[in-house]
Amino acid sequence: MTDGNPQHKQRRTSSGGLEIREMEIGDLAAVYELGEELFTAERWPTLYRTWDAYELAVHFASDSEMCLVAEYQERVVGFAVGTMLEKRGSAWTYGHLLWLGVDPNAGRKGIGGRLTAHLQEVFIELGARMILVDTDADNTAAISFFKRAGFDDDSAHVYLSKNLTYDPQYIEFHKKGRVADRPGGVRRAIRRAAELRLAEQRQADLKAAEVRSGDSKADKGRASAAAPAKPAKSGHE
Ligand SMILES: CC(C)(COP(=O)(O)OP(=O)(O)OC[C@H]1O[C@@H](n2cnc3c(N)ncnc32)[C@H](O)[C@@H]1OP(=O)(O)O)[C@@H](O)C(=O)NCCC(=O)NCCS
């Protein structure tokens with residue numbers, strides 16, 4: 001799929017029947033379901049992000065080249081979702097690997113490594129000088145994985161939390177029912193993302209069709225110029 005940017009070349013790698021490529025609309029449901037299986041409440045990578053369809057749709061719509069899937073025998077067996085970060089007051093641009101997931105049945109076969117390597121190439125092309133990842137301190141598989149992939153944890157951050165559900169303002173706010181209807185919002189966001197990508201795809205298809213028809217007209221023109229003139233009817237036929 002194209003994003004309409006002529007500079008943007010889709011990168012695909014394929015080996016041993018496993019393909020790493022950009023995510024497409026048709027992958028969203030499978031990616032979302034796999035993430036649901038992997039990022040359970042106990043295994044969210046961080047406190048400040050939760051895996052939901054809204055988050056996926058937003059990144060798919062805005063950072064499509066940093067949304068990747070691993071496909072094996074026409075099945076999504078892994079995915080990576082990244083974004084670029086610029087820290088205020090810093091000349092550095094960071095690639096942030098937000099979500100990385102591999103089907104547990106296909107674990108430890110190098111799929112996570114290939115997704116990360118592929119995303120790293122995209123980050124470099126987009127100007128990143130460093131990749132950031134964060135994961136739960138108890139997620140020993142992920143920590144081992146990232147260390148093997150060359151990441152180190154030289155800066156430790158501690159999250160502190162405050163439960164707001166006992167706060168009178170929180171209780172008052174919720175009594176008035178002022179919380180947005182999240183599921184509806186999620187559905188709208190996914191539909192919007194899908195519409196955006198379809199519109200882009202249609203435009204790209206139209207452009208490609210125009211180029212093809214231009215080429216074939218030019219070919220016909222060249223062919224008729226080169227062809228011998230049709231003989232006039234003799235009247236004996
Ligand atoms: C972390 C994860 C992406 C690794 O994917 P993968 O395809 O299995 O990784 P690779 O095959 O490329 O690398 C394997 C290495 O990762 C580590 N690893 C993967 N699974 C592991 C496990 N269950 N226990 C310990 N280490 C593990 C090891 O270092 C392993 O190397 P080894 O097999 O030689 O010991 C995958 O386990 C996963 O999806 N986990 C759940 C989601 C998650 O925590 N994501 C990361 C934070 S967003």
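Each reported figure results from applying straightforward, stated rules to the coordinates on display, with no laboratory input. Remember, it's a predicted structure, so these values are computed and weren't measured experimentally. Don't worry about glycine lacking a Cβ; one is built from the backbone with ideal geometry, like all the others, and counts go over all protein chains shown.
Points worth noting:
- Efficiency of FRET between ASP215 and GLN10 - r from beta-carbon atoms, R0 30 angstrom, step 0.05: 0.85
- Cα gyration tensor shape of segment 96-142, rounded if a/c is under 1.5, else prolate or oblate by comparing a/b with b/c: oblate
- Taking amide H positions as modeled 1.01 Å from N, with prolines and chain starts lacking one, the residues under 5 Å from LEU98 and 5 or more places away or on another chain are VAL81, GLY82, THR83.
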